[in-house]
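A short write-up of the structure that comes next.
The values are calculated or read from the model by the stated rules, or taken from the named source; none is laboratory data. Computed from a prediction, not measured in an experiment: that's the story for all the values here. So basically every Cβ, Gly included, is an ideal-geometry build from the backbone, and we count neighbours across all protein chains shown.
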Amino acid sequence: MVALIKTTIRSCLVDAKSSLENAGIEEPLKCARLLLSYVLERPLEFIIGHPEFEISEKTCRDYRAVIHRRALGEPPSKIVGHREFWSRQFYVDVHVLDPRPDSETLIEAVEVFFPTLKSPQTILELGVGSGCLLLTLLLNHPTLIGFGVDKSINALQCAVRNVHHHQLESRAHLIQGDWCSALQGTFDIIVSNPPYIPSGDIRNLSPELSYDPLLALDGGGDGLSCYHLLSQQLQSLVHQDTLIFFEIGMGQHGDVEKLMSQQGFKCHQWFKDLSGLERIGVFQLK
């Protein structure tokens, strides 16, 4: 009698790692483990600690299907439905921008300037998306009340899931609107990561970015369309002590600083990202 070859976690990972390597995926073993954890509904520690655990035929088929999706370029976060940001988990889907490490620089910038603020009470995020920026800052500062605006109702639905997940229903308020048009009053802190990729560069982006919504990427012909608009609209939402934190694209700091200056804002500081590029600008009324 011929013995049946058992499919185990080890053998699944060997095949998956090879497939991902051939597709040019970075850190293929790490990715293979993450996706197997998702398919098996088991923690990563189980995947690493039980290499001889047997896998059913159906689970193998499901696993091969998600490995194929990753090999085609779909980000792991869009497959499993969540991503880590600032050491916390946030739900994501095709309607929101994938949180990225460079955006954690914005959190770092707020933390640097937070002690200089005079009893801050409110924070606003323009283009809230998944809510990872706004909710992270609310979790870091329990006295703040947050407001998040997004044009996309689908993006807001994802943000609502994250509000519930982090139990911030009493302090996070989400609004559908086009940037500042739906808002009244002033805010102590304003943060935004608007679309900043020039329209002509969209087609040359990495495959992973094609799974992000175009609305969250396309910054117009020069990548600065949203900064033009926001610099003109922000006057009605700020008081003398309000601090504004903008994320920008590569090489845009001079243009954004000029736009903000023309509308009466001074730049306090630029924070560099993990690649050493100016990524976050901090602005205030002159």
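Considering each residue of region 42-65, count those that are charged (D, E, K, R) and surrounded by 11 or more Cβ atoms within 10 Å (Cβ to Cβ), and give that number. Steps first, please.
Applying the first criterion (charged (D, E, K, R)) to region 42-65 yields 42, 45, 52, 54, 57-58, 61-62, 64.
Filter once more, keeping what is surrounded by 11 or more Cβ atoms within 10 Å (Cβ to Cβ): 42, 54, 62, 64.
Count: 4.
Please state which one of Pro115, Pro99 is in a loop (DSSP other than H, G, I, E, B) and free of Cβ contacts under 8 Å to residues at least 60 places away in the same chain.
Numbers: Pro115 fails: in a loop (DSSP other than H, G, I, E, B).
Of Pro115, Pro99, the one residue that is in a loop (DSSP other than H, G, I, E, B) and free of Cβ contacts under 8 Å to residues at least 60 places away in the same chain is Pro99.
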Leading residue by the ranking (farthest from the chain's Cα centre (by Cα)) among those in region 162-212 that are polar (S, T, N, Q), surrounded by fewer than 16 Cβ atoms within 10 Å (Cβ to Cβ) and more than 25 Å from Ala109 (Cα to Cα): Gln184
Members of region 103-112 that are in contact (Cβ under 8 Å) with a residue 24 or more places away in the chain and either touching a Leu at 6+ places or on another chain (Cβ under 6 Å) or buried (at least 18 other Cβ atoms within 10 Å of the Cβ) (or both): Ser103, Thr105, Leu106, Ile107, Ala109, Val110
Number of positions in region 121-153 that are closer than 24 Å to Gly177 by Cα and either part of a loop (DSSP other than H, G, I, E, B) or modelled with pLDDT under 95 (or both): 9
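Kindly indicate whether Glu45 is touching a residue at least 24 places away in the same chain (Cβ under 8 Å), over 25 Å from the mean Cα position of the chain (by Cα) and not assigned by TED's automatic domain parsing to the domain that holds Asn204. Quick ask: steps written out before the conclusion?
Details: touching a residue at least 24 places away in the same chain (Cβ under 8 Å): no; over 25 Å from the mean Cα position of the chain (by Cα): yes; not assigned by TED's automatic domain parsing to the domain that holds Asn204: yes.
Answer is no for this residue.
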Residue satisfying all of: in region 258-282; buried (at least 20 other Cβ atoms within 10 Å of the Cβ) and over 17 Å from Ser103 (Cα atoms); nearest to the chain's Cα centre (by Cα) among these: Met260
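Where residues in region 122-161 are among the charged types (D, E, K, R) and surrounded by 23 or more Cβ atoms within 10 Å (Cβ to Cβ), which of them is farthest from Pro213 (Cα to Cα)? Quick ask: steps written out before the conclusion?
Kept after step one, since they are among the charged types (D, E, K, R), are these residues of region 122-161: 125, 150-151, 161.
Of the ones still in play, those that are also surrounded by 23 or more Cβ atoms within 10 Å (Cβ to Cβ) are 125, 150.
On the way: Glu125: 18, Asp150: 13 Å.
Per the stated criteria, the residue is Glu125.
Filter region 236-254 for residues that are under 21 Å from Ser119 (Cα atoms) and free of Cβ contacts under 8 Å to residues at least 60 places away in the same chain; which is surrounded by the fewest Cβ atoms within 10 Å (Cβ to Cβ)?
Restricting attention to region 236-254, the residues satisfying the condition of being under 21 Å from Ser119 (Cα atoms) are 236-245.
Add one more test, that the residue is free of Cβ contacts under 8 Å to residues at least 60 places away in the same chain, and what stays is 236, 238-240, 242, 244.
Numbers: Ser236: 11, Val238: 20, His239: 10, Gln240: 8, Thr242: 21, Ile244: 25.
Per the criteria, the residue is Gln240.
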Output for region 1-25, where each listed residue is of a type outside the set (A, V, I, L, M), farther than 18 Å from Glu74 by Cβ and assigned to a helix (DSSP H, G or I): Arg10, Ser11, Cys12, Asp15, Ser18
Selection within region 161-176 - within 12 Å of Thr136 (Cβ to Cβ) and not aliphatic (A, V, I, L, M): Asn162, His166
